Amino acid sequence: MALVASLDTSEHLLAPPPRPTTSGRNDGFSFWKLPEDWRASPELLNDQSEESARHFLYEEYLSAEHRQPPPRMNAYYRVKDFIPPTMRHWLNSAAIQLRGKRSFPHWPVESALLDFWRSWLRSSMEFRRANDDWHIGFWPSGKKCCIVLTHDVESASGMKRIERMADIEEKYGFRSAWNLPLAQYRVDWNMVDRLRARGFEFGAHGLSHDGRLFRSATDFSELTPIIERLAHMHQMQGFRSPSTLRRAEWIAMMNFDFDCSFSDTDPYEPQPGGTCSLFPFFLGDLVELPYTLPQDHTLINLVHRDPLALWSTKAQWIESIGGMILTLTHPDYSGSGYYLSQYEALLKRLSGFQAWRALPSEVATWWRERDRMTLSLSGDTPVIVGPGAERAVARRLSTEPLAN
Ligand SMILES: [Zn+2]
């Protein structure tokens, strides 16, 4: 999304630029980006594949009541600020023990949607009597997988730890995104400018962690224009909901380029669920970038597991599939001491992957461009046409880990 450079009139503030159009589709054909001559095959059952994918991506396997913030959260948010943080973590951890285990999606790894994409492709190839074919690779320049580092900054003291974490990321050749609540504490905008100049990016983490945004239609329609205006004023293209409370249909209406409020699987959030996706997808016109490694807060404060071992195992699994490793850590929890050294050890491991290291905004742009590209064959040679096609690579399905 091209942002206006100068924000000198209130008209600019009130009218964020429109997002580039995309198909907004998450069907089998759009996911794999197959040659155009496939499109005409009625046996692809493409519309049905969109519906099946939506079952996972929009968390439709949950009842409507579980696809929105739980009502009991209202009582919690009324007293939250009066409970000391250690007590709060203990209470949250106890609440999770009481919640009982859901069998789906499995944590920390759930392959249901990957299995669906694979079996849809296989049966489509059988219908077409094809042994192999081409598709547009999932990532630019033939990279094997994608790594995206994101953070939510929960407090002013977390804000003070940003630069130290950023230095470590830079040391291993990474840049990351920092999501800031826009009305919770005083943001150091000079630091934001310094980090932007070094290639880091910033996103909106709602206004504050008060549980209001997705609580009711009235709250949503009251707060959303304020968030959008502030985000636009501070040149933030991305959004992550505070405490990842969410309603898919409402987020899809927000004026952001991309959202990161969903996970692939996370039974430990106040609103448990997961999209089962290790790839970006479309949430209406927004690109959704689900976080795919467990949050530091979950591992440290709720399930009391050492982060590094679990992060490493899952990151390797995602790499082996060719998906998107998207981390969500907080300087508040991982910005110093032992947990910072764990995070550094993760970065060291990730730096050995043959991956596209990208900012969330870059992945969103790529996913839109890939969506608009077409693939056709000129003789035996695959030809990709469309915006950004110069960095796209056609790959044989037989060499794609997810297809096999
Ligand atoms: Zn947060």
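The values are calculated or read from the model by the stated rules, or taken from the named source; none is laboratory data. Everything numeric in this text was worked out from a predicted model, so none of it was measured. Cβ: placed from backbone, ideal geometry, glycine included. Neighbour counts: every protein chain shown. Each accessible area value is taken on the protein alone, full model and side chains, heavy atoms only, with ligands, DNA and RNA left out. Shrake-Rupley method; radii C 1.70, N 1.55, O 1.52, S 1.80 Å.
So what's the angle, to the nearest 10 degrees on a 0 to 90 scale, between helix 307-321 and the longest Cα principal axis of the chain?
20
Taking only Cα atoms, what is the 0 to 90° angle, nearest 10, from helix 162-171's long axis to the longest principal axis of the chain?
For helix 162-171, the angle is close to 40 degrees.
Hey, what number do you get for the chain at 222 nm if only DSSP H runs of n ≥ 4 count, each worth -39500 (n - 2.57), divided across all residues, to the nearest 500?
Values: 15 runs with 152 residues, N = 404.
Value at 222 nm, helices only: -11000 deg cm²/dmol.
If you average the sequence gap of Cα pairs under 8 Å that are 6 or more apart and divide by the length of region 106-181, what percent do you get for the contact order? Present the calculation step by step, with values, prior to reporting the outcome.
Values: 31 pairs, mean separation 20.5, N = 76.
RCO, region 106-181: 27 percent.
In a solvent-free Debye calculation with one equal scatterer on each Cα, what is log10 I(q)/I(0) for region 140-244 at q = 0.24, 0.25 Å⁻¹, listed in the order of the q values?
-1.33, -1.41
What are the ³J(HN,Hα) values, in whole Hz, obtained from phi via the Karplus relation 6.51 cos²θ - 1.76 cosθ + 1.60 with θ = phi - 60°, for each residue of region 366-381 in sequence order, with x given for Gly and Pro?
4, 5, 5, 5, 4, 4, 8, 6, 10, 10, 9, 10, 10, x, 9, 9
Counting Lys +1, Arg +1, Asp -1, Glu -1, what net charge surrounds A204 among other residues with beta carbon under 13 Å of its beta carbon?
Values: positive: R229, R240; negative: D152, E201, E228, D257, D259.
With Lys, Arg at +1 and Asp, Glu at -1, the neighbours total -3.
Suppose all protein chains stay in the model; what accessible area per residue would a 1.4 Å probe give for the chain, in Å²? Provide the component values of the computation, followed by the final result.
Details: 16960 Å² over 404 residues.
With the other protein chains kept in place, the chain gives 42 Å² per residue.
Evaluate the relative contact order of region 271-343 (contact order divided by residue number), counting alpha-carbon pairs under 8 angstrom at least 6 apart; express in whole percent. Display every interim value, and only then the final one.
On the way: 69 pairs, mean separation 24.0, N = 73.
Rounded, it is 33 percent for region 271-343.
List the relative contact order of the chain as a percent without decimals, with contacts defined as Cα pairs under 8 Å and 6+ residues apart. Don't jump to the answer; show the numbers that get you there.
Details: 682 pairs, mean separation 101.6, N = 404.
It rounds to 25 percent for the chain.
What distance in nm separates the simple spin-label points at F104 and N74, each placed 7 Å from Cα in the Cβ direction?
In this crude label model, F104 to N74 measures out at 3.1 nm.
Simple spin-label model, 7 Å along Cα-to-Cβ: S398 to W317 in nm?
3.0
Could you list the square roots of 5 times each eigenvalue of the Cα gyration tensor of region 57-211, that is, the equivalent ellipsoid semi-axes, sorted largest first and rounded to whole Å? Please report the intermediate quantities before stating the final value.
Numbers: eigenvalues 271, 160, 36 Å².
Over the Cα atoms of region 57-211, the semi-axes work out to 37, 28, 13 Å.
Would you mind telling me the antiparallel percentage of the DSSP bridges in the chain, rounded to 5?
Numbers: 12 of 34 bridges.
Taking every DSSP beta bridge with both residues in the chain, the antiparallel ones total about 35 percent.
Near L375, within a Cβ-to-Cβ distance under 9 Å, what is the net charge of the other residues, with Lys and Arg +1 and Asp and Glu -1? Intermediate values should be presented prior to the final figure.
Details: positive: K33; negative: E36.
Neighbourhood net charge equals 0.
Could you give the dipole magnitude of the chain about its Cα centre, charging the beta-carbon of Lys and Arg +1 and that of Asp and Glu -1, in debye to the nearest 20?
Dipole of the chain, to the nearest 20 debye: 840 debye.
Ranked highest first by the average count of other Cβ atoms within 10 Å around their residues, in what order do 253-266, 230-243 fall? Don't skip to the answer; put the middle values down first.
Values: 253-266: 24.0, 230-243: 21.8.
Result, highest mean first: 253-266, 230-243.
Cross-link list K160/K348; K143/K348; K80/K314; K33/K314; K101/K348; K144/K171: which exceed 29 angstrom alpha carbon to alpha carbon? Could you put the intermediate results ahead of the total?
On the way: K160/K348 23 Å; K143/K348 18 Å; K80/K314 32 Å; K33/K314 26 Å; K101/K348 33 Å; K144/K171 22 Å.
Flagged as over cut-off: K80/K314; K101/K348.
So what J values fall out for region 329-343 if you push phi through Karplus, 6.51 cos²θ - 1.76 cosθ + 1.60 with θ = phi - 60°, rounded to Hz, Gly and Pro as x?
So the Karplus estimates, Gly and Pro as x, are 10, 10, x, 4, 10, 10, x, 7, x, 4, 6, 5, 5, 5, 5 Hz.
For the chain, just run the numbers: alpha carbon Rg, then divide by 2.2 N^0.38 Å, N being how many residues it has.
0.97
Pairing the Cα long axis of helix 46-57 with the longest principal axis of the chain, what angle in degrees results, from 0 to 90 and rounded to the nearest 10?
Value to nearest ten degrees: 20.
What value in Å³ per residue do you get for the convex hull of the alpha-carbon atoms in region 108-169?
Values: hull volume 9.2 nm³, N = 62.
Each residue corresponds to 148 Å³ of Cα convex hull volume.
For region 245-404, take every pair of Cα atoms, bin their distances at 5 Å starting from 0, and report each bin as a whole percent.
2, 8, 15, 18, 19, 16, 11, 7, 3, 2, 1, 0
What is the distance, in nm, between label points placed 7 Å from the Cα along the Cα-to-Cβ direction at R88 and at N131?
About 6.1 nm separates the two model spin labels.
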